Amino acid sequence: MPNSYDVVVIGAGTGGYVAAIRAAQLGRKVAVVEKQKALGGTCLIWGCIPTKALLEHAHALKVIQSAKEWGVTIPAGTPAIDMGQVQSRKDRIVTGLTKGIEFLFKKNKIDWIKGTARLAGKGKIDIYEGETQTLEAKEIIVATGSAARSVPGIEIDHTCIITSDDAIGLKDVPKSLAIMGSGAVGVEFASIYRRFGSDVTLIELLPRLVPSEDEAVSAELEKSFTKQGIKAMTGTKVTKAVAGPSGVDIEAQTPDGKTQKLSADFLLVATGRGAVTAGLGAEDAGLKLENGYIKVDEMYRTSVPNVSAIGDVITLGTGGHPQLAHLSSAEGILVAERIAGQEVRPINYDHVPSCTYCDPEIGSVGLTEAEARQRGYDVRVGSFPFGVLGRARMAGESEGFVKIVADKKYDEVLGVHMIGPRSTELVAEAVLALRLECTVEELIKTIHAHPTFSEAVGEAAHAAHGAAIHL
């Protein structure tokens, strides 16, 4: 007889493990199928956590390099990065967090089935690698996530032409690094390795860096990167990349149609991620796919009864689905609560924050100015620079700004976009403001403590009404 569960989750990333915990909290008997040696998926093992750990090391080096400014005396010698120690600390952080999920599984009596799952139909899941067996479930949640992908004509060899999975584990600082793609992954690794001492070139097909962000944020980031010595080639297409004994030879077509040649020790391909469905048997089980992604409705139900899907592996059929760890977790909680019979409401994707941990940091939520105008709003905006704030000057972090996009008719906040110190933390206030349909006037009346970085949010609200206090 198959082992029987109320809920079986396939994949233990930030969507899967959170869905499992919530379902167990609600009284369900739960198992999670995960083939990796540790729990946590891409985010904990190869993505969010290790990259942000490297970025914290880069920030520490940045402060030490300015020791004289801070009145700190360092013995003779130039501060340098020790990649062995960096990698060791990063690995300890990752291990600690993955072990923490194991503890939560035990606490909530969740079974971890170590192996690879295939949907076998009628509520059955075959485990065909690892602990081979057949499971039976009343409800199945597919949370298999995504994996780095390349583009046609560029062959990833994981030696010189690499993905982010490879870049987090480099044992030495490369002399030079070229990066294809300037989304979150691309610009974060640009910040890491430029601070560590690499010559970095960003190559972006679209006309600006971080193209999903507000145009003002893109412009500010490119200005900062230029100051830091990061070369940005926007509107440029990589047409050829050949790995050799001394690195990678790259050919790129520039906006004027000319071919430019460059070489680097490594080429990091950061052009997006594709859904992981290989071996799942999704189509054989009747699941509808669109461009490799599992099609779901607003409650994350697939085309097969009692089979749901969440996270990076899904499409809602209405444009791109954001591949974000915190969104996967929110979707997992919603599905677990729906399965348990609780009242749930669809997620408003305009209220999902996006955080990019490059230097300077980017935090955003809601509509950009361009998107708001496209939707027909009569738009008003207000911006305020961090550099005016006393807290920013104390911290030596004076780049960037907060920008508020609002509807002039009803004064409703439509979007908040920030680049600069602590932006990935400050954006939480903006998320709450959008969720509560806050007006600019209400943000103005909200007292922001002094001296803090958060004052920039209040001042940007004042600016949207044409009266910033400290400008």
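The values are calculated or read from the model by the stated rules, or taken from the named source; none is laboratory data. Fair warning: this is a prediction, and the values are worked out from it, not measured in the lab. All Cβ positions, glycine included, derive from the backbone under ideal geometry; neighbour counts span all protein chains shown.
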Problem - Residue ranges of strands (runs of 3 or more DSSP E) in the stretch 278-359 with at least 1 members at pLDDT 95 or above and over 22 Å from the mean Cα position of the chain (by Cα) - result: 307-309
Problem - Top-ranked residue in the stretch 386-413 [being of a type in the set (A, V, I, L, M) and crowded, with 24+ Cβ neighbours inside 10 Å; ranked as farthest from V352 (Cα to Cα)] - result: L389
Practice task
Evaluate the following for G40: is it closer than 14 Å to I310 by Cα, in contact (Cβ under 8 Å) with a residue 12 or more places away in the chain and either in the same structural domain as G115 (by TED's automatic domain parsing) or buried (at least 24 other Cβ atoms within 10 Å of the Cβ) (or both)?
Solution key: no
Practice task
Looking only at the stretch 8-24, decide whether some residue is closer than 27 Å to A147 by Cα, surrounded by fewer than 21 Cβ atoms within 10 Å (Cβ to Cβ) and not assigned by TED's automatic domain parsing to the domain that holds V187.
Solution key: no
Practice task
Could you pull out every one of the strands (runs of 3 or more DSSP E) wholly within the stretch 143-259 that has 3 or more residues that are more than 17 Å from the chain's Cα centre (by Cα)?
Solution key: 176-180, 199-203, 231-233, 237-244, 247-253
Completion exercise
Of the conditions (1) surrounded by fewer than 22 Cβ atoms within 10 Å (Cβ to Cβ); (2) not assigned by TED's automatic domain parsing to the domain that holds G281, the single one that L221 does not satisfy is (1)
Handout entry: Condition broken by D284, with the remaining ones in (1) assigned by TED's automatic domain parsing to the domain that holds K171; (2) surrounded by fewer than 16 Cβ atoms within 10 Å (Cβ to Cβ) satisfied
Key = (1)
Practice task
Taking the residues in the stretch 263-277 that are over 25 Å from Q323 (Cα atoms) and crowded, with 18+ Cβ neighbours inside 10 Å as candidates, determine which candidate is nearest to the chain's Cα centre (by Cα).
Solution key: F266
Exercise for the section: State all residues of the stretch 435-471 that are acidic (D, E) and farther than 18 Å from R422 by Cα; if no residue qualifies, say none. Expected result: E437, E441, E442
